[in-house]
């Protein structure tokens with residue numbers, strides 16, 4: 001109870017700038033929780049779907065591969081599904097498969113990166129808000145000196161305390177958000193690698209089927 005009271009006292013002593021810092025931290029917390037769930041869902045089962053789809057296509061069972069990709073959430077499965085649907089038709093235009101994979105990848109990447117801009121913005125703005133509080137605290141300190149006409153430690157103590165508390169508050173908000181942001185970027189990079197692996201598997205499958213005569217790729221030949 002004593003520690004909680006001290007924290008509340010420090011928050012109150014920090015002045016008005018502490019409120020937007022708390023608001024930023026709450027917004028960031030909501031984004032972080034949602035992002036953890038999104039990336040966990042996206043990563044869950046990725047290795048399995050790549051392996052099972054490869055095994056199914058190796059056995060020539062496109063229907064099974066489609067069902068596996070359809071039943072698995074995540075960006076890698078979405079790319080596999082988009083590619084397999086076009087391969088299953090048995091006929092496609094040249095470049096159609098690559099375009100479908102690229103479009104799906106762009107959509108999935110946008111979904112994965114959703115919310116990162118908010119975290120990056122808060123991580124950059126929070127220290128600046130703390131510094132603004134520092135300036136406000138120093139203004140209070142000098143105003144107290146000006147009003148008293150003399151320099152006394154007790155006159156400037158409040159302003160300096162406000163300065164230090166808001167600076168600390170800004171850093172307390174920004175540092176964990178920066179760490180979490182970098183963690184999310186790392187996880188997204190790993191998912192991008194998995195997405196590229198899935199895309200390459202589909203392109204290899206299409207090439208093999210074309211060589212066997214099981215897939216027709218229509219190429220437009222321009223007259224010279």
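The values are calculated or read from the model by the stated rules, or taken from the named source; none is laboratory data. No experiment lies behind these values; they were computed from the predicted model shown. Cβ coordinates were reconstructed from backbone atoms using ideal geometry, including for glycine residues, and neighbour counts include every protein chain displayed.
Can you run down the residue pairs with Cβ atoms below 6 Å, 6 or more apart or on separate chains, where the first is in the range 206-224 and over 19 Å from residue 82 (Cβ atoms) and the partner is outside any strand (DSSP E or B) and at pLDDT 70 or above? From the range 206-224, the pairs are 219/94.
One residue stands out among those in the range 69-93 that are over 26 Å from the mean Cα position of the chain (by Cα) and assigned to a helix (DSSP H, G or I): the one that is farthest from residue 208 (Cα to Cα), which is 85. Summed over the range 55-81, the residues that are surrounded by fewer than 17 Cβ atoms within 10 Å (Cβ to Cβ) and closer than 20 Å to residue 191 by Cβ give a count of 3.
Residue-by-condition table, conditions (1) surrounded by fewer than 16 Cβ atoms within 10 Å (Cβ to Cβ); (2) in contact (Cβ under 8 Å) with a residue 60 or more places away in the chain:
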position: 93; (1), (2): yes, yes
position: 97; (1), (2): no, yes
position: 122; (1), (2): no, yes
position: 127; (1), (2): no, no
position: 130; (1), (2): no, yes
